[in-house]
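Asks: Have a look at the structure that comes next, please.
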Amino acid sequence: MIDKLDAYELIDVVAPGSVLLFGAMLLFPAVRASFGLEGIELGGFGLFVILSFVAGHLVQAVGNLVETLIWLPFGDMPTSWVLRPGQRLLDATQLERLRQACSREFGIESGRLDARSWSSVTREIYSAVKARGTTERVDAFNRTYGFMRGIGSAFLVLSAVVVWYDRRAWGWALAGSATAGLAFFRMVRFGERYGREVLVEFIRISRDSDRSA
């Protein structure tokens, strides 16, 4: 099965799911025993990967909920920051080039769009960049963003399970929550990098296309 998983599934789904499953093995002896008392054997490893894949998707569902709360203080996802005055994603020159690129490629003015409309435009922007085959860095930032979201969510769930299982283990729960906080901090950083990279790459390919024309 593992050879059929793509990079996104391995990094963003299986890895966070394995963190949650491994934590469950440490907390609950019955879970650990199901994979073998002396460690995970070959057959148990296959089962571990399958369960990690399932758990990873559930963890990412938690991540989707937490993600919404985390971005609330920022107003919205980073790609929409360019609609606000005083944004920090692009400098003034890049912002003007983005407006020109949107006008040239899509016939729209970015300054006249609301956040919901701009969300659709950013998907078109990504498609345009992908069509040129220049999304390697963009996709790398996106995978790391999803990975950090999943890891943070896994530790958040584990912290809640620890408190539910043993209220005296609040120290472990606090450590897990702190680890989740660090992961979510990294998630925000890579979300910002993704937003900047996809827009800057779009500006570049639009400018190159205009020069070629």
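Asks: Over the stretch 49-151, average the accessible area per residue using a 1.4 Å probe and give it in Å², no decimals.
Replies: 56 Å²
Asks: If packing is taken as the average number of other Cβ atoms within 10 Å across a peptide's residues, how do 95-102, 124-131 rank, most packed first?
Replies: Going by the mean number of other Cβ atoms within 10 Å, highest first, we get 95-102, 124-131.
Asks: Peptides 85-92, 146-153, 49-56: what's the order by average Cβ count within 10 Å, highest mean first?
Replies: 146-153, 49-56, 85-92
Asks: Still on this model: Just add up the charged neighbours of Met77: K/R +1, D/E -1, any other residue whose Cβ is under 11 Å from the Cβ of Met77.
Replies: Value of the local net charge: -3.
Asks: In the stretch 171-207, whose amide N lies under 13 Å from the spot 7 Å out along Cα-to-Cβ of Gln94? List them in ranges.
Replies: Within reach of a label on Gln94: 192-204.
Asks: Take every Cα-Cα distance within the stretch 131-213, group them into 10 Å bins from 0 onward, and report for each bin the whole-number percent of pairs it holds.
Replies: Per 10 Å bin, starting at 0, the Cα pair percentages come out as 18, 31, 20, 15, 9, 4, 1.
Asks: Share of the stretch 146-213's accessible area from carbon and sulfur, percent, 1.4 Å? Don't jump to the answer; show the numbers that get you there.
Replies: Working: 2280 of 3680 Å².
Reported share for carbon and sulfur atoms: 62 percent.
Asks: Among Val200, Ala183, Trp172, pick out the residue whose Cα is farthest towards the positive end of the charge dipole of the stretch 84-213, where Lys and Arg carry +1 and Asp and Glu carry -1 on C-beta, about the Cα centre.
Replies: So the residue we want is Trp172.
The values are calculated or read from the model by the stated rules, or taken from the named source; none is laboratory data. Bear in mind that the values here come from a model prediction, so they are computed numbers and not experimental data. FYI the Cβ positions are ideal-geometry reconstructions off the backbone, even for glycines, and counts take in every protein chain you see. The accessibility values were calculated without ligands, DNA or RNA, using every heavy atom of the protein model including side chains. Shrake-Rupley method; radii C 1.70, N 1.55, O 1.52, S 1.80 Å.
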